[in-house]
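Working notes, beginning with the structure itself.
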Ligand SMILES: Nc1ncnc2c1ncn2[C@@H]1O[C@H](COP(=O)(O)OP(=O)(O)OP(=O)(O)O)[C@@H](O)[C@H]1O
Ligand SMILES: [Mg+2]
């Protein structure tokens, strides 16, 4: 224990170094916990929004009567997986509740999973056990209950009994792979955050070790064997980690909780949407992960694994190996065809860029110094070189953090825009009214055309959904695609963002001069605007030019859009609906009119405005959480650089004081400090820029297509680069301010001039 | 002795360590002519370094008057801080050279670059600097970094830096304190040789009686130290 006392005596003299290491452990644990907490929250809210708007299937009776419990029993007896869904409409103050039967849900694939998704309040709806919902409905108070039967499994398997048919049941459309893709990117970024925290921890630990080299040498001279010292150091780190990680994790949870509820409150007041309770992930995972990271990072040098020599030898090769790593990563990202390889490529590029960046700065500084005749410039360059080498790890962490923030910003903005476009495309109209099976949609269209506020207003269109066959031609195999027939062409279609189009595509479309295809089909068949495509509809072949390609936001099916007037008489649609934005027209008048035309009591009406508000709010929350997580990382990296710069400077302050001894005024010395630290942080920002852009590219153009088979648009945001540059400037100025504070106190002459403390070059 | 370069009257200095007031110097008087030399003696902690710091404006006195190189600093006056510190900085830049026991060189620059930096700041021609290294017999080490040469060679380089600025006054704080006897003698020889040759004044803080004996005057702080 004498040895321990001797080792710890260093920290008794330099308590701030111990504090820096402990603070770094606490903050790193907090950051990563916060990030993983926020990620899981983002995942949960995205998942919730998906579940909320996902299209499910339900069972309808062919005779148009509402389904009853007897139907449920009949269907269950016939072996179909159906689940009762009892919607209880209550007076406005209490809102709507939905009763579901978790037992019946058991056949819906993952029973626990699917039930858990429904047990949280969403848009004022609470999910209850069906028994409680039934009781509520029975209690009266103007409550009205509607029973639906949800159906599991793909269409047509197994065939429903004669008296029933399958119908879509949804609160909105499916975000599908768009959400999945976003989450994959979030995961990639979570890994990056872990990497950055690891780098920061290592940097603080290494600095502490370097500062204690003198004491170690002394102990060695006193005859303490090296393994004993090493063992003591391991114990020290384990103890420190044990003390620091748990409070860090607690802090992270607190932080994420605070942020989450902050956003939640903002959202609640903005959208009147309650916050989705964050999934309270366990303590164990973050604590264990952080412990493992801390120990791995701090004790990496102690381990005698066999690959170490190889790594040493490679590292000895210096920049040639690094450059090779970088180039290999870049090349691999280009040619890789699998997701795993692409992730390897990203890792290689980051490793290469990370090792190269401080080296590049110090090499550039060396060249600048050589080229300059002014002694002071040569000194500045030499100091920049020293700083770049000594602060390499926190600088690289800052570079990674900046690159990550850049990529996330671009990605989130792209996703936001894409979600928005996708919502506009899917929810262009205010309302969707489903045409009941067997009802005459043309009669309804004629009726709508006679209604004064709607007639010729372009505020409604009919949608006919069905299938079309693309016959095998020109070497392309035959395939079935989804067919959408629209007509009349309403104003709402004009808001669609087309990827490629002839001039005035919708005019040509409404004249029946061609068709439109989605991105998937265009890619798969290598179709571009002007090419013609042959379709087989109801047995008739029909060839038309492609007027436009529209984005599909991840929907994997090929789609063809034709004008409704083009449909052959024999075409059998899968479903029909009307998209209506009644605007000034009275919706009730429209629905009651349609009910009269179709002679039906119930009308399936979807309120897109409501869905859109809901989807918007959950997406907003997800994006806010994502942004906040990256900003947190950046703050940590900046703080680490501050701490490291400050600790390093305590050891070197003597040499900066020499400038004052040599007759430089305090302001000039401060000016030199500002120049040094700002140059350093700005060059790191400059080096982070290509890395960030490349990361965006890799995520958008490589990871996404490989994971999902479609790509997002790639965009860069130069205004944001300037924001980051401003941030780097602030970090640099803060470091300079900290260093200047130390200069005011008298500096001790370094104990030995052999360069053990602060005399590095 | 030539005309007066340095005159100190009634200089006093204390430090506050925590709540305790540590008096270090009181009522110091001294006078030094251009080209003269003075040895500061005294046991460890007697305030030699503190006095040297006061004489080049790196510390501010509690009381007393310092007149150096034609500039007058009155410690009793309420701080007219900025003006004083500017004048001190100018003096240190061009006329007062300081040599410490160790760590006189910027670690990230070669010996030659260090000398050029110091001379450049003093407004001297940086091109003469290798000549100064030659004169101190370390010309062939000009391109080496401070950690690549011996302690004695580093102190020689420090002397080259100071004399390259062509100072009127050199303040040396145990310049040979961390060297072995033989090397210390060599470095001291260089110091006195260059002082004589350039005609600057020298104040040398040392524990070494032999070294002190080579100076014209001697001030023993043990005798002036406050009780
Ligand atoms: N910044 C300071 N704060 C508090 N006390 C100080 C400070 N600097 C010096 N002292 C004290 O002032 C006294 C004189 O210190 P100084 O460094 O001048 O002694 P010295 O004669 O140079 O000693 P040595 O021969 O060991 O170098 C000492 O007691 C020292 O502890
Ligand atoms: Mg001293």
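For the stretch A:710-726, indicate whether the set of residues that are buried (at least 21 other Cβ atoms within 10 Å of the Cβ), at pLDDT 90 or above and more than 14 Å from every other protein chain (Cβ to nearest Cβ) is non-empty.
No: the stretch A:710-726 contains no residue that is buried (at least 21 other Cβ atoms within 10 Å of the Cβ), at pLDDT 90 or above and more than 14 Å from every other protein chain (Cβ to nearest Cβ).
Which one of the conditions (1) assigned to a strand (DSSP E or B); (2) without any contact (Cβ under 8 Å) to a residue 40 or more places away in the chain; (3) within 21 Å of residue A:700 (Cα to Cα) does residue A:549 fail to meet, given that it meets all the rest?
(2)
Looking at the stretch A:426-460 only, could you name the residues that are surrounded by fewer than 16 Cβ atoms within 10 Å (Cβ to Cβ) and touching a helix residue (DSSP H, G or I) at 6+ places or on another chain (Cβ under 7 Å)?
Residues satisfying the conditions are A:443, A:455, A:458.
So is residue B:97 modelled with pLDDT of 90 or more, away from ligand 2 (no atom under 16 Å from the Cβ) and at positive phi or not?
So residue B:97 does not fit the description; no.
Looking only at the stretch B:24-48, which residues are in a loop (DSSP other than H, G, I, E, B) and within 15 Å of ligand 1 (Cβ to nearest atom)?
Within the stretch B:24-48, B:42, B:43, B:44, B:45, B:46, B:47 meet the criteria.
Looking at the stretch B:90-117, which of the residues that are in contact with a strand residue (DSSP E or B) (Cβ under 9 Å, 6 or more places away or on another chain), assigned to a helix (DSSP H, G or I) and in contact (Cβ under 8 Å) with a residue 24 or more places away in the chain is farthest from the other protein chains (Cβ to nearest Cβ)?
B:91
Consider the stretch B:138-153. How many of its residues are within 18 Å of the chain's Cα centre (by Cα) and surrounded by 24 or more Cβ atoms within 10 Å (Cβ to Cβ)?
Matching residues across the stretch B:138-153 total 0.
If you scan the stretch A:374-393, which residues turn out to be more than 7 Å from chain B (Cβ to nearest Cβ), touching a residue at least 60 places away in the same chain (Cβ under 8 Å) and within 17 Å of residue B:120 (Cα to Cα)?
A:380
Need at least 2 residues that are within 16 Å of ligand 1 (Cβ to nearest atom) per element, so show me which helices (runs of 4 or more DSSP H) inside the stretch B:123-227 make the cut, counting only ones lying wholly within it.
Here the list reads B:209-213, B:221-224.
Looking at the stretch A:203-242, which of its residues are outside any helix (DSSP H, G or I) and closer than 30 Å to residue A:639 by Cα?
Within the stretch A:203-242, just A:212 meets the criteria.
Of the residues that sit in the stretch B:11-53 and are within 14 Å of chain A (Cβ to nearest Cβ) and more than 13 Å from ligand 2 (Cβ to nearest atom), which one is surrounded by the most Cβ atoms within 10 Å (Cβ to Cβ)?
B:13
For residues that are within 14 Å of the chain's Cα centre (by Cα) and either assigned to a loop (DSSP other than H, G, I, E, B) or over 20 Å from residue B:91 (Cα atoms) (or both), scanning just the stretch B:49-62, find the one that is farthest from ligand 1 (Cβ to nearest atom).
Checked the stretch B:49-62; the qualifying residue farthest from ligand 1 (Cβ to nearest atom) is B:57.
Let me spell it out: the conditions are (1) closer than 16 Å to residue B:11 by Cα; (2) at pLDDT 90 or above; (3) more than 16 Å from ligand 1 (Cβ to nearest atom), and residue B:75 meets all of them except one. Which number is the exception?
(2)
The values are calculated or read from the model by the stated rules, or taken from the named source; none is laboratory data. Small disclaimer: the values here were computed from a predicted structure and weren't measured. Cβ sites come from the backbone with ideal geometry, for glycine too, and all protein chains shown count toward neighbours.
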